[in-house]
């Protein structure tokens, strides 16, 4: 029994590698082919093994990097959410400082001079800017006085509006910036305050 | 020739290589699974806190009046806040059994997911006293966490402030 006695169908299968092992063992028994050539034909070549390992490992690496990407974006979204709430707080406090002017009988914008500032959750007026991290204390308050530094910085910018005079409209911008492994991140929000109560 | 098998050494080497590969494969699958759970937990706390804070801040802005009186923060915040909403009626937010409750005209509902634990809800009301020349404002401190193994846990500490829109001295 040798190659030539296979059916055409078998030869096709042989080419595809489906019959390889079984028939070559048979072939070796009956045709007395050398062990060397039998081994060479019957097993995987080094190239095949390398390609197979390459494919498997690239699939695995792909899957794992996909999962770790999903984790790191979840963590980034978390920081984004904290920053968005701190930004909202900055704008609400600025608005509350404008409203306080009404209670005090001041004119619009009396406490909102142009410049850069910081505000605390308890601030009743804008505090001149210093480039410091917000802290979080043991009660969970983000503030500037107590607790451990967080990764967030908050900056409030008061400007005149380009459309209206300063007696009618003021623009408050808040910037929350923080550092991540992938680089610096920034959230900006803007509030238009009018001489209107 | 046809009876040639594996030698013991060959077998041991083969088993060793196979087990090394399996340990690597299983280890990476297990760690992938735990990373995935962690990502899911982060998303859970994030979605819950987004919903809770958004709902509160939206209602507090238009509240009139805020019934809870000023409390000396940060030392003694309260975990219960009541106010009158112009459309929805009398609203009370509170923390009970590690879940956030929202009572509307006495009808209680839980607005946080039972999967997560609300470890802190503090309201800090200021400017609500009569003639204090301040606009009422509420600072909300919200901390959420999930259970699970140490490597899979997620937590978040949030703070935001809402200033009452209606002028009220």
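Derivation of every value follows stated rules applied to the coordinates shown; laboratory data play no part. Treat the numbers as computed from the prediction; the structure is a model and nothing was measured. We place every Cβ from the backbone using ideal geometry, glycine too, and count neighbours over all the protein chains shown.
Remarks
- Counting beta carbons within 10 Å around each of A:146, A:112 and listing the fewest first gives the order A:146, A:112.
- Put simply, the Cα atoms of the protein assembly as shown extend 111, 48, 39 Å along their principal axes, the longest span coming first.
- Compared with the alpha-carbon gap, the fully stretched path from residue A:69 to residue A:180 is longer by 38.6 nm at 0.36 nm per residue.
- Shielding by partners - mean other protein chain Cβ count within 10 Å, residues of B:7-18: 0
- In the elastic network of chain B, a GNM with C-alpha springs shorter than 10 Å, the most mobile of B:51, B:18, B:123 is B:18.
- Length released on extending from residue B:26 to residue B:150, taking residue separation times 0.36 nm less the Cα-Cα span: 42.7 nm
- For the stretch B:48-81, backbone nitrogen atoms closer than 18 Å to the point 7 Å from residue A:189 Cα along Cα-to-C-beta are found at B:48-63.
- The fewest-to-most ranking of B:80, B:141 by surrounding Cβ atoms within 10 Å reads B:80, B:141.
- FRET efficiency for the residue B:119 to residue A:116 pair, using the beta carbon distance and R₀ = 25 Å, is estimated at 0.10.
- Shown for B:124, B:73: other C-beta atoms within 10 Å of each C-beta, ranked fewest to most, produce the order B:73, B:124.
- FRET efficiency for the residue A:76 to residue A:159 pair, using the beta carbon distance and R₀ = 25 Å, is estimated at 0.25.
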